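What follows is one structure encoded as structure tokens, with my remarks underneath.
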Amino acid sequence: MRPIKTDLARQTLLVHTGTLGMRERRTLILCDGQRDLAELVRLLGQDAPLLVQRLMHDGYLTATLSRPEARSAVERIVAPVTPAPTGPRRSLVAARVYLTGMLELQRDDGARCHRERLQSRLDDDAMLAALADALRFLEARVATTLAGRIRERLLEALPEDAAHRLQNVSDAALDIAAR
């Protein structure tokens with residue numbers, strides 16, 4: 001099976017709005033009718049079949065099959081797959097790398113200071129504080145929609161407990177700033 005974008009998917013990718021997250025958008029970009037499901041698994045991870053199946057169900061993708069009987073074989077393969085645990089792929093390092101990349105797009109001294117702070121050796125609590133500061137810095141500089149996508153992607157990259165702690169650090173910093 002070689003998934004291919006529908007008109008709905010192309011339109012969604014063009015306007016940069018909608019309900020799709022970064023993983024779904026990345027999947028749509030890679031589904032060009034040239035890559036088969038095995039290659040998508042290699043590029044996107046073990047949960048790619050479920051992601052493709054969901055995007056097909058929602059009307060963003062269709063499948064090109066070489067033989068009519070291949071459809072039933074593909075459905076047997078795709079249906080029982082359970083998503084891979086996301087725990088190992090979530091880390092403070094991944095979040096730091098992502099936010100450092102976003103800061104590199106801002107070419108000024110403020111962004112450079114936040115980048116340098118993130119790249120220094122910090123313990124987990126200090127790293128969360130630096131991530132929260134850098135996120136607030138970016139949210140103040142970029143469009144609201146982009147700020148939302150940056151926050152969403154950062155929370156996807158963080159382990160769940162760190163995501164909750166980041167929110168607590170952000171809330172505490174806002175309380176201090178309000179005083």
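The values are calculated or read from the model by the stated rules, or taken from the named source; none is laboratory data. These numbers come from a predicted model, not from an experiment. Note that we place each Cβ from the backbone using ideal geometry, even for glycine, and neighbour counts take in every protein chain shown. Side chains included, ligands, DNA and RNA excluded: accessible areas come from the protein's heavy atoms. Shrake-Rupley method; radii C 1.70, N 1.55, O 1.52, S 1.80 Å.
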Query raised in the report: Once you put a point 7 Å from the Cα of Asn168 and another 7 Å from the Cα of Val142, both along the Cβ direction, what distance in nm separates them?
Result: 2.7 nm
Query raised in the report: Rolling a 1.4 angstrom probe over the protein heavy atoms, how many square angstrom per residue are accessible across segment 107-166?
Result: 56 Å²
Query raised in the report: Of the listed peptides 27-38, 47-58, what is their order by residue-averaged count of other C-beta atoms within 10 Å, with the highest listed first?
Result: 47-58, 27-38
Report task. Take the solvent-accessible surface of the protein heavy atoms, probe 1.4 Å, and return the percent of it on segment 13-65 that carbon and sulfur atoms account for. Result -> 55 percent
Query raised in the report: What is the distance, in nm, between label points placed 7 Å from the Cα along the Cα-to-Cβ direction at Arg112 and at Gln11?
Result: 4.6 nm
Requested in this report: With a 10 Å radius around each residue's Cβ, average the other Cβ atoms per peptide and rank 143-150, 157-164, highest first.
Outcome: 157-164, 143-150
Query raised in the report: How would you order 130-140, 116-126 from highest to lowest mean count of nearby Cβ atoms within 10 Å?
Result: 130-140, 116-126
